[in-house]
Structure formats: C-alpha cells, structure tokens
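Since the structure comes first, as structure tokens, the remarks are kept for the end.
What follows is calculated from the coordinates using simple rules that are stated; it is not laboratory data. As the structure is a computational prediction, the values presented were derived from the model and not from experiment. Virtual Cβ from ideal backbone geometry, glycine too; neighbours counted across all protein chains shown.
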Amino acid sequence: MATSIIQRHCKTCQQKRPFERPCLSHLLHLILTLMTGGAWLIIWIFLGIGQIFTAYRCRFCGGTKY
C-alpha cells in the first residue's frame with residue numbers, strides 16, 4: 001500500500017519526525033472502474049473523501065498530533 005509522508009514536529013516525541021498515512025492506488029481504482037463499467041467510481045469517490053479525514057501518524061510513536 002502506498003503512503004504519503006510529511007515531516008512535522010511530534011508533540012509526543014518532542015522531535016521532528018516523519019508522519020505517514022495510507023494513500024489510494026489510483027491506478028487500481030481506475031482499472032476497477034473500467035472493469036465494472038463505472039460502478040466502482042462511486043466507491044472510489046467515497047474512499048477519496050474518507051482519505052481527507054485520515055490523520056497522519058508518527059512513524060516512531062504512533063501519535064497523531066504534530
């Protein structure tokens with residue numbers, strides 16, 4: 001699974017750390033949309049909206065605040 005990584009200051013670790021969150025595989029969802037005649041597009045949209053609200057997590061301590 002692909003991940004999006006950013007550098008932020010972790011309040012738990014008290015250091016600048018990498019934060020990550022899972023990303024959608026757009027190629028996979030495009031293939032599924034084409035294979036299902038567009039029906040998968042509805043699911044792809046909902047997954048994309050849900051990803052906006054997924055928090056980044058510190059790679060070291062698992063904290064979500066930065």
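Quick rundown of the values:
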{"read-out": "Sites excluded, trypsin sites (Lys or Arg not before Pro) in DSSP loops with at most 16 other C-beta within 10 Å, longest stretch of the chain", "value": "12-58"}
{"read-out": "Rounded to 10°, Cα long-axis angle of helix 40-52 versus longest principal axis of the chain", "value": "10"}
{"read-out": "Separation of the Thr64 and Leu24 label points, Cα + 7 Å toward Cβ, nm", "value": "2.0"}
{"read-out": "Point-charge dipole on Cβ atoms (K/R +1, D/E -1) for the chain, about Cα centre, debye to 20", "value": "500"}
{"read-out": "Shape category assigned to the chain from the gyration tensor of Cα positions, a/c cut at 1.5", "value": "prolate"}
{"read-out": "FRET efficiency for Ile42 and Arg8, using Cβ-Cβ distance with R0 set to 25 Å, rounded to 0.05", "value": "0.15"}
